[in-house]
1. So who's got an amide H within less than 5 Å of the one on R44, skipping anything under 5 residues away but keeping other chains? H placed 1.01 Å off N, in plane.
2. Please compute the net charge surrounding P39, taking Lys and Arg as +1 and Asp and Glu as -1 over other residues with Cβ under 11 Å from its Cβ.
3. State, as an integer percentage, the relative contact order of the stretch 1-74 based on alpha-carbon contacts under 8 Å between residues 6 or more apart.
4. Lys and Arg at +1, Asp and Glu at -1: add these up for the other residues within a Cβ distance under 12 Å of L25 and post the number.
5. Apply the Karplus curve 6.51 cos²θ - 1.76 cosθ + 1.60, θ = phi - 60°, to the phi angles in the stretch 46-61 and return the couplings in whole Hz, x for Gly and Pro.
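The numbers here are math on the coordinates, done by the rules we state, and not lab data. Please read all numbers here as calculations on a predicted model, not as lab measurements. Counting neighbours? That spans all protein chains shown, and the Cβs are built from the backbone with ideal geometry, glycine included.
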Amino acid sequence: MTVIKLPKTPKSAFNPRRPAGALLLAQIEHLEHAVGLEPKRVRRSEGQAAKYIAELTARLLKQSQQPTAPAPSVTSRQPLPAIVPVGTKAVGTKKHATPAGKSSARNAAKRGVSKKKAVTRRRAR
């Protein structure tokens, strides 16, 4: 197996006094939403953001370990909807044309149009 060497993270990557960037602030906003808190738009440093993220993560883990309410039991069974076989609809939709059956050839004959022309007209629509 090939070993891939990665450079060490520079010491300047984390500065607890530097203002928190948009990515950290977005993470805080998402964690506050997940915990159920109203998002607070507060200016924080990277150090303050790290501590607050740790606190929110702990609260979220504590919430996830609490048991949830059981699902409600179903007492009455409703009948399943009728299944319509494919290709049996008589009406077209926005995306699908009306199915062409034997009646279209009969109607074409009544109108005085040959069967071949009726099929060509159908494809042109």
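1. Those lying under 5 Å, H to H, from R44 are A20.
2. Computed value for this residue: -1.
3. 33
4. For residues surrounding L25, the net value is +1.
5. Once rounded to whole Hz, the list reads 4, x, 5, 5, 4, 5, 5, 4, 4, 5, 5, 5, 4, 5, 5, 5.
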